[in-house]
Amino acid sequence: MKLQRMRIEQLRQFRKSFVLDNLQSGLNLIHGPNESGKSTLVRAIRAAFFERYRSTAVDDLRPWGDSAAAPTIELDFEHDNCIWRLTKSFLQRKRCDLVVGTESYSEDDAEEKLAELLGYQYPKRGASKAEHWGIPGLLWVEQGTGQDIEQAIEHAGDHLKSALNSMVGEVASSGGDDLIETVRSQRDTLLTGTGKPRGDYLKLEKDRTQYQLEIEELKERVHKYQEQVDRLGKLARDYEQAEAERPWEDAQRHLEEARARYQKVERLEQEQNQEKATFAQQQQNHRLLQQNKEHLEGLSRQLESRKAVLDRAEHDLDLAQAQTPAVTGRLTEARTAYEHAEKQRKLAGLLQTRQRLEQDLRRLEQQQQVISQNLTKAREYQQQLEQARQQARENRIESELVKKLRATGSQLNEETIRSQTIATRLNWQLDADALLSLNNEPLVGQGEQQLLEESTLVIPGVGTLGITPGGEELASTRRKLKALEENLAEQLMTLGVESLKQAEDRLSAFESAERAVKHAEDLFKTVAPAGIEQLVYEQSEAESELEKARKQLESTPKPDSNETVPTLEEAEAAFNQSGAALDKAESDERAHQSRLSALKQARDNAKTEWQRLADEEKSPERQQQLRQITTDLANLEKQQAELEASLERREREIREARPEFLKQDIERYQNAVNQLRQTQENRGRELRDIKVRLEAWGAEGLEEQLNEKEAELDQCSRRYEELHRRAQALDLLLNLLTEKRQALTRRLQAPLQKHLNHYLSVLFPEASLEVDEQLRPGTFSRGSELGQITELSFGAREQMGLISRLAYADLLREAGRPTLVILDDTLVHSDSERLEDMKRILFDAASRHQILLLTCHPEKWQDLGVPPVDIEASKGQGILE
Amino acid sequence: MPKFLHTADWQMGRAFTRFETEDGAALVEARFEAVETLAKLANEHHCDAVLVAGDVFDAQTVSDRTIRRVFNATKAFAGPWVMLPGNHDAALAESVWTRAQRLGAVPENVHLALQPGVINLEPERLSILCAPLTQRHTYGDLTEPFSGYETPEGFTRIGLAHGSIQGLLPDEIDSTNPIAPKRAEASRLDYLALGDWHGTKQIDERTWYSGTPEPERFRNNEAGNALIVDVSEPGATPSVTRLPTGRYQWHQFRETLAVQSDLEQLLERLNDLPESAVVDLRLEGSVTLAGEEALLKALSVAEARFRSLRCERSGLQLAPTEEDIAALKADGYVGEVVESLHDRQEGAQDDTARDALAILAGLLREREQEAGQ
C-alpha cells in the first residue's frame, strides 16, 4: 500500500484545503514546528479509516468555532496494482466514497471494504478506540506510544492471524479466540481453574451425596422396620405358644417336691445337732471327772514338792540372818566416820571465820591510823595556811605599782647618773687632821662628791670656797631630777614603803606568801579533800567499826592450837563423802532387813501350805472321793460309745439324702419358674412396645419416602451426570482449542522471529529477542544479560517496539497485506549513536514499506537521504492551489 | 350368574424415578385415577364384586395419605371388594393392612383377605378362596390348600392368588411365590384370579393375570387393563372381557441411526404417538450435525407434546460432514479441533469427545446465526 496524496479541508487548523502531494513509496520525512498541524495530519489519516463517517463523536475534527464545517479528507493510495481513492466527510456533510480502480463503493460498504483491507474494526458507537484499530494500531505509532507494543499486538490479535493465514496455510480461525473465550467462560461456570467442580455442578455433587446419605438412612430405617415386623411375628407366635403350654407350672410343681424332700433332711439335721450337743456335754463331764481324779491322785506328789519349797525357804532365811552382823558393823563404822567429818567441817568453818575477823581488824586499825595521820597533817597544813595567809595579808602590795616604782627609780637613777656626768666633781684627799666642811658637812679622808648646786666649801682656816657647777642642762636636769624624786617619794608613800628595796622586798614576801598559801591548800586537799570535819567523822566511824570488830573477835572461840585442822574445802569434801557412805550403809541395812522379813514370810507360807497338804493327804474323805470318781468314769464312757454309734448312723442317712443338691434343685426350679414367667411377661411387654413403635414408624410412610427420595436422587444424579459430561466436554474442548491455537501461534513465531532478528542485529549485534506464544517480543538477552523487554530503559523499549512493529510489517507484507508505517515524532528518547542505528533500520525497512515519519526536529533526520516535506511550506502551496 | 371385575398390582405408593418431578407426579396421580376407573367400570358392567389379586400397595410403609386415598378411590363401587395381600404388601404381623385398619380407612364393603381361607360373599353366592402372602417370600405353593377348602353348595369357587405360574414365564423360573399351573383344575376352581405379572395374560381358560390397570414400566406392554369375568354357573367356562383402563401408554424405542432416512423414520414414528405417551428413546449409530439439529428440534417439540420424553443419545455419534463444517465456518484451527474431536469420538467411543463436538457445533451455529442476523 502506497499513500500517494492526501488532501484535507475544514479540519482543525486546516480551514482551507491542504494537500500533501508526491508522497514517496519509501521513506517520507514530514516536518513542521509544534502546532503546525503535524498531529492533525495523523489524526486525519486515522479518522479517514477508523471513524464512521456518520459518527457524532468526532467533534475534535471541527475547526474551532466553526459549527457549519464539514471536515473532509481525501486519500489516494495504490494497493495491489490498483488506485484507491477515499473521500470522507464528517459532521455537517456525512459522506464516504471509495473508488477502487473502476469500482465505486459508498457509505458503509466503502468503510467495510477499507476495514477488511487494513484489518481493523469500527466501534459499535462513539469514537474509535485503540481496541478497534487492529493492524494499523500496530503499524501507525502515535506520539509517545512507541514502546507500548503489547497492547497493540493484543488488539491486532485476530486480524493479525487472519491476515497471516496465507502464510501458515489456513490454520488460523476467524473468531477462534472469541470461541475460546466463550468455551472458557462456559467451562469456568462449572469447573475451577484446577478442574474442581464449582457452582451448580458442585452443589449437585453435594446434593447427590446428601440424597445418598438420606437414602441410606431411610433404607436403614426400613430395614429396622422390617426386622421389627419379623420380630413382632415371631414374638406373637412364641407368646401364644407359651400361653397355651404354661411351662412355668411344671417347674412350680418340681419346686414344691424338692422343697418337701429338703424339709425332711432339715429335721434329721436338727436331731443330729441335738445329739451332738449331748455328746459334747458328756465329753466335757468326762474331762472334768478325769481332772478330779488326777487331782486327788496328785496330792502326795504335791506334798513332797511343798516340803522341798519349805526347806529351801528356811535355808535362804538362815543365810540372810548370817549376814546381819556384817551389815550392822558397816553401818556403825559409817556413822562414826560421818560424825568425825562433821566435827572437822565445823572446826574448819570456825577457823576461817576468825581469820577473816582478824584480817578485818588489821585493816580497820590501819585505816584508823591513816585517818589520824591525815587529821594531824591537815591541822598542821591548815595552820601553815593561816600563817601564809597572814603573811600575805601583811605584805600585800600591788605588783603593778611596784613595777611603776621600779621604773621611776631606774629613771631617777639614770637622771642622777646623767646629772653626775654633767655635775662638778669634787675629790678630795684629806690629811687626817684636815677639817673641811662642804655645805656644812664635814669632809674627811678621801672622797668625791658631785655638785649640782652652788656649794660652799669651808676650809677652816682658810675660809670659804664657793663652788658653782657649770653647764646649761644642769638646771633642767636638776628640775627633772627633782620631779622624779618627788614622784618617787609620792609613790613610796602610796605604797607605804620607804624605799624601792623595801617595796621589792615586800612584793617578794607577798608573792612567796601567796605561793605558800597555794602549797598549803594543795597539801591540805591531799589529806582532807572533804574538809577536816569529814575527816573527824571518818575517824570516829573507823573507830566504832574497829571496836565492833574487836568485840566480834573476842566473842569467837579460839581453836585449840594443838589440833590439826584441815581446810574448809577438804573438810566439806570429806563430810559429803562420809554422808554418802552412811546413806548407802543405812539403805543396805534396810534392804537386808526387808529381805529378811520377806524370807521369813516365805518360809512361814511354805510351812503353812505344807502343813495343810500334809493334813489333807491323810483325810478319809479323799479316799472315798477317789473311789466314787472311778465308778462314774466307767459309766460315762459306756454311754458315749452308744451315742457315737447313733450319730454316725444318722450322719450317713443325711449324706445320702444329698441336701446340697436338694437346695440347688429348689433354687433351680425357683429360677426356672421366675424366668419362664418373666420371659412371657417380657414377650408381652416387647409385643406392646413393638406394636407401638411400628405404629409410629409405619405412620411415617418410610418406603414411600424412600421411593420419593430415590426419585429425587435419580433426578439429581441425572442432572449431575449431564453437568459432569458437559464439564468434561467443555474442558476437553477448551484444551483442544487452546492447544491448536498454540500450535498455530508457534507456526507464526518462526517467520516473525526471523524478521525481528534481522533488525535486532543492526541495533545490538550480539543480542536476541524471543517472541512468545502471543507473538509478543518477550525475553531479551544480550551477552549475559537476560530479561523481559519491559525491564529495559524507556529509550531501548521504544527502539524494541519500533523494530517489532517493522518485523510485523515485514510479516504482513509477505502475507500480501498492505503495510503503511506511520511514525509520529518517534525515537525522541534515543541517543545519537542508537538513533544512527535506527536510521539504518528505517532506511532498510523503507525499501519494503512506505513510511511516513513526522517530526518537529528535522535536523535530527537530515541524514536520512530523503527530501524533507515542510508542512508550513506545503500550507503555502495549498493556499496557492 | 355372578360377574366380577378382576384386577391386580396397583402398586400404590410407588414413586417414579427417571422422570422429571412433574411427570412423576402425574404418573402417580394416574394410578389413583385408574382405581377410580375400575370402580366406575364395575358399576357400568354391573359387577357383583371386585377382586384385587395382590400388590394393592407398593410397600408396607406408605404414607397414611396414600392409604386413605386408595380406599377413597374405591368409593364409587359400593359392592364388595376383596383385596389380597401380595409380595409387596404381605400380611405380616404389622402391615400396611393392619395400619389401614387402625386408621379406620377400610370401608365396610372392602374385605381384606389377611388369612388364608375362604371368604363367602353370601348375597353374590361367591366363594373367594384366598391365598394371601403372609411372609415376604414364600417358596411353597400357597394355593395348595385350595383343594381342601369346602365351599357352600351352589357358590361359584374363585381362587385369588399372587405369584408366578410355574413353567410358563421363562423369566421367572426361580421366582418366589410359585403357583402350580393346573391349580384351577386341581382345586375345582371356576376361575383363578392372579396378580404379580403386570401385563394382561391368559394362562388357561380359567386362569388369568389381569395385569396392572395403569402401566408403570416400559416392559409388559399388555399392561393397562382390567378383566370382567362372567361365570354363568358353577362349573361353566368363564367369559373374560378385557377392558382398557390405562391413561398413559409407555413406549420404548431403541434405534440405531445410520442414514438420513433412519432419522426421518424415527421422527415419523414419534409424530404418530398419541399425546398420552410416555416415551423412552435410546439412540445409537451416528448422525450428521444437520441431522442432530433436526433431531434436537423434533425432540424439543415432542417433549412439549408427550407426558414425558426421555432420550438417551450418548450412544449416538456425531459425524460432521464437509457441508456441516462448511456451514459452521469452522475454519483454521477450529476446523482442526472439529476434526480431532470427530476422530476421537469414532476411535475410542469417547463420550466426552462427542459431547465436546456437540457443544462446539452449537457454539458455531449460534455464531453463524448471530452473524446471519
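FYI, it's all coordinate maths here, none of it is from the lab. Keep in mind that this is a model prediction, so the values were computed, not measured. Methodologically, a virtual Cβ is constructed for each residue, glycine included, from the backbone with ideal geometry; neighbour enumeration extends over all protein chains shown.
Using the Cα centre of chain A as the reference point, and only Cβ charges (+1 on K/R, -1 on D/E), how large is the resulting charge dipole? Debye, rounded to the nearest 20. Intermediate values should be presented prior to the final figure.
Details: 126 positive and 158 negative charges, 408 e Å.
So the dipole magnitude of chain A works out to roughly 1960 debye.
Provide the gained length on full extension for the span A:N413 to A:D148, in nm with one decimal, where the gain is 0.36 nm per separating residue minus the Cα-Cα distance.
Numbers: separation 265, 0.36 × 265 = 95.40 nm, distance 14.35 nm.
Stretched fully, the A:N413-A:D148 segment lengthens by 81.1 nm.
Annotation for segment A:507-552 versus segment A:641-712: alpha-carbon center distance of 136 Å.
Taking the centroid of alpha carbons for each part, segment A:337-353 and segment A:720-736 are 141 Å apart. Entry note, chain A: relative contact order of 25 percent, from Cα contacts under 8 Å with a spacing of 6+ residues.
Under 19 Å from a point 7 Å along the Cα-to-Cβ line of B:E33: which residues of segment B:207-229 have their amide N that close? Inside the label zone: B:212-218, B:223-226. Dipole of the protein assembly as shown computed with +1 at Lys/Arg Cβ and -1 at Asp/Glu Cβ about the Cα centre; of B:S276, A:L235, A:V828, farthest Cα towards the positive end is A:L235.
Counting Cβ atoms of other protein chains within 10 Å of each Cβ in B:337-347 and taking the mean gives 2.
Any chance you could tell me what percent of the C-alpha pair distances in chain A go past 49 Å?
Of the Cα pairs, 75 percent sit more than 49 Å apart.
Taking a Cβ cut-off of under 13 Å around B:S127, the surrounding Lys, Arg, Asp and Glu residues balance to a net charge of -3, with basic ones at +1 and acidic ones at -1.
Label point of A:L268 set 7 angstrom out along Cα-Cβ; within segment A:661-697, amide nitrogens under 17 Å from it belong to A:661-666.
Take every Cα pair under 8 Å in segment B:202-344 that's 6+ residues apart, average their separations, divide by the length, and report that relative contact order as a whole percent. Don't skip to the end; give the middle numbers.
Details: 207 pairs, mean separation 24.8, N = 143.
Here the relative contact order equals 17 percent.
Output the peptides A:578-585, A:725-732, B:307-314, A:685-692 sorted from most to least packed, where packing is the average of other Cβ atoms within 10 Å over each peptide's residues. Mind showing how you got there, number by number?
Values: A:578-585: 16.2, A:725-732: 21.2, B:307-314: 18.0, A:685-692: 14.2.
Those peptides, ordered most packed to least, come out A:725-732, B:307-314, A:578-585, A:685-692.
Taken along the Cα-to-beta-carbon direction at a fixed 7 Å, the label points for A:M493 and B:Q369 span 17.8 nm.
For segment A:765-806, the residue among A:F780, A:F794, A:L769 whose Cα projects farthest onto the positive side of the dipole built from Cβ charges is A:F794. Computed on the Cα atoms alone, the convex hull of segment A:427-467 gives a volume of 58 cubic angstrom per residue.
The charge dipole of segment B:249-372, taken about its Cα centre with unit charges on the Cβ of Lys, Arg, Asp and Glu (plus for the first two, minus for the last two), comes to roughly 520 debye. For the pair A:A699 and A:Q241, a Förster radius of 22 Å applied to the C-beta separation gives a FRET efficiency near 0.15, rounded to the nearest 0.05.
The GluC sites (Glu not before Pro) of segment A:1-84 that DSSP puts in a loop, and whose beta carbon has at most 12 other beta carbons within 10 Å, are A:E35. Calculated mean residue ellipticity, 222 nm, chain A: -24500 deg cm²/dmol, from DSSP H runs (n ≥ 4) at -39500 (n - 2.57) each, averaged per residue and rounded to 500.
Note on A:I422 and A:A509: with the Förster distance fixed at 35 Å, the Cβ-Cβ geometry gives a FRET efficiency of about 0.35. Shown in residue order for segment A:70-75 are the 3J(HN,Hα) couplings computed by the Karplus curve 6.51 cos²θ - 1.76 cosθ + 1.60 at θ = phi - 60°: 10, x, 10, 10, 10, 10 Hz (x for Gly and Pro).
Pairs of Lys residues in chain B are counted when their Cα atoms are under 25 angstrom apart and they lie 8 or more places apart or on different chains; the count is 8.
Put simply, the amide H of A:T779, placed in the peptide plane, has neighbours under 5 Å in A:E770, leaving out anything fewer than 5 places away on its chain. Relative to the longest principal axis of the Cα atoms of chain A, helix A:247-297 runs at roughly 20 degrees.
Label sites at A:R550 and A:S793, each approximated as a point 7 angstrom past Cα along Cα to Cβ, lie 14.5 nm apart.
Straight-distance candidates among the lysines for linking to A:K38, with alpha-carbon spacing under 25 Å and chain neighbours fewer than 8 residues away dropped: A:K2, A:K16, A:K88, A:K94, A:K129, A:K839, A:K860, A:K875. With r defined as the distance between the Cβ atoms of A:K860 and A:R198 and R0 fixed at 56 Å, what FRET efficiency is calculated, to the nearest 0.05? Working from the Cβ atoms, E equals 0.45.
Take every DSSP beta bridge with both residues inside segment B:3-244 and express the antiparallel ones as a percent of the total, to the nearest 5. Display every interim value, and only then the final one.
Details: 18 of 45 bridges.
Expressed as a percentage, antiparallel bridges in segment B:3-244 total about 40.
Once you have a ≥ b ≥ c as the square roots of the Cα gyration tensor eigenvalues for segment A:384-446, tell me rounded if a/c is under 1.5, and otherwise prolate or oblate according to whether a/b is larger than b/c. Verdict is oblate for segment A:384-446.
Among B:38-44, A:188-194, sorting by the average number of other beta carbon atoms lying within 10 angstrom of each residue, highest first, gives B:38-44, A:188-194.
Shape index of segment B:3-244: Rg/Rh, with Rg the Cα radius of gyration and Rh the Kirkwood radius from the inverse mean 1/r over Cα pairs, equals 0.94. Starting from the Cα of A:E569, move 7 Å in the Cα-to-Cβ direction to define the label point; list residues of segment A:338-360 whose amide nitrogen is under 17 Å from there. Counting backbone N atoms under 17 Å from the label point, the list is A:345, A:348-349, A:352-353.
What spacing in nm lies between the two simple spin-label points modelled at A:D311 and A:W64, each 7 Å away from Cα in the Cβ direction? Placing both labels 7 Å along Cα→Cβ, they lie 17.3 nm apart. Expressed as a whole number of Å, what is the distance separating the alpha-carbon centroids of segment A:566-588 and segment A:1-75? So the separation of the two Cα centres works out to 159 Å. For A:K709, give me every one of the lysines with a C-alpha distance below 21 angstrom, ignoring sequence neighbours fewer than eight places off in its own chain. Correct list for A:K709: A:K203, A:K206, A:K219, A:K224.
In the protein assembly as shown, a dipole from Cβ-located charges (positive for Lys and Arg, negative for Asp and Glu) runs towards its positive end, and of B:G211, B:A73, A:L643 it is A:L643 whose Cα lies farthest in that direction. Under a model in which nothing but the beta-carbon of Lys, Arg (+1) and Asp, Glu (-1) is charged, segment B:3-244 shows a dipole of about 280 debye around its Cα centre. Extension gain, A:R627 to A:S372: 0.36 nm times the residue separation minus the Cα-Cα distance gives 79.7 nm. Rounded to whole numbers, the Karplus 3J(HN,Hα) couplings from phi for segment A:493-504 are 5, 4, 6, x, 10, 9, 9, 4, 4, 4, 4, 4 Hz, using 6.51 cos²θ - 1.76 cosθ + 1.60 with θ = phi - 60°, and x at Gly and Pro.
Short-range pairs are left out: with C-alpha atoms under 8 Å and at least six residues apart, the relative contact order of chain B is 13 percent.
Based solely on its DSSP helices, what 222 nm [θ] is calculated for chain B when runs of n ≥ 4 H residues each add -39,500 (n - 2.57) and the sum is averaged over all residues, nearest 500 deg cm²/dmol? It would help to have the intermediate numbers written out before the result.
On the way: 9 runs with 122 residues, N = 373.
The helix-only estimate for chain B comes to -10500 deg cm²/dmol at 222 nm.
Amide H contacts of B:R310 (H built 1.01 Å from N, in plane; Pro and chain starts excluded): B:V279, B:D280, B:L281 sit under 5 Å, all sequence-distant by 5 or more or on other chains. One decimal place: the segment A:E220-A:E257 gains 8.2 nm when fully extended, by the rule 0.36 nm per residue minus the C-alpha distance. Using θ = phi - 60° in the Karplus curve 6.51 cos²θ - 1.76 cosθ + 1.60, the 3J(HN,Hα) couplings for segment A:394-400 round to 5, 9, 4, 8, 6, 4, 4 Hz; x is entered for Gly and Pro. When A:F50, A:F18 are sorted by how many other C-beta atoms sit within 10 angstrom of their C-beta, beginning with the fewest, the order is A:F18, A:F50. Relative to the longest principal axis of the Cα atoms of chain A, the long axis of helix A:176-190 makes an angle of roughly 50 degrees.
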